[in-house]
Amino acid sequence: GAVHYAWLYVDLMWVREDLRGQGHGHRLLTFVEEAARDLGAQHAYLDTFSFQAPGFYEKHGYQVFGELRDFPPGHTRYYLAKQL
């Protein structure tokens, strides 16, 4: 991720499949958001696909502000943001 103009952009976040569901993603996202706050970030945004983790981010307070349907075909790309 990166912080620009008081916004954290989460570029890439990935947890190995056999480690999912154990809280690693929660701890990683929380750590990144706290580090971004220390750098002056007040908001965060990211994108994810329907076959990835939109529910995970929504559980962490992110809200969908845009979507591209059929990108890739048969799926949706979601854009989410939240206030830190």
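The values are calculated or read from the model by the stated rules, or taken from the named source; none is laboratory data. Please read these numbers as outputs of a predicted model, since none were measured by experiment. When we count neighbours, we look across all protein chains shown, and the Cβ atoms used for this are built from the backbone with ideal geometry, even at glycine. These area figures cover heavy atoms from the full protein model, side chains too; ligands, DNA and RNA do not enter into them. Shrake-Rupley method; radii C 1.70, N 1.55, O 1.52, S 1.80 Å.
Structure data summary
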quantity	calculated
Test set (1) more than 17 Å from Glu67 (Cα to Cα); (2) modelled with pLDDT of 95 or more; (3) not in a strand (DSSP E or B) - Leu8 fails condition number	(3)
Selection status of Glu17, of a type in the set (Asp, Glu) and modelled with pLDDT under 95	yes
Test: residue in the range 53-76 that is part of a strand (DSSP E or B), of a type in the set (Asp, Glu), modelled with pLDDT of 95 or more and within 15 Å of Ala2 (Cβ to Cβ)	no
Contacts under 6 angstrom Cβ, first residue in the range 9-25 being within 20 Å of Tyr45 (Cβ to Cβ), partner β-branched (Val, Ile, Thr), 6 or more apart	Gly25/Val15
So Tyr5, is it aromatic (Phe, Trp, Tyr) and more than 14 Å from the chain's Cα centre (by Cα)	yes
Where a residue in the range 58-84 is open to solvent by 100 Å² or more (accessible area, probe 1.4 Å) and its partner, wherever it lies, is outside any strand (DSSP E or B), with Cβ under 7 Å and at least six apart	Gln83/Gln42
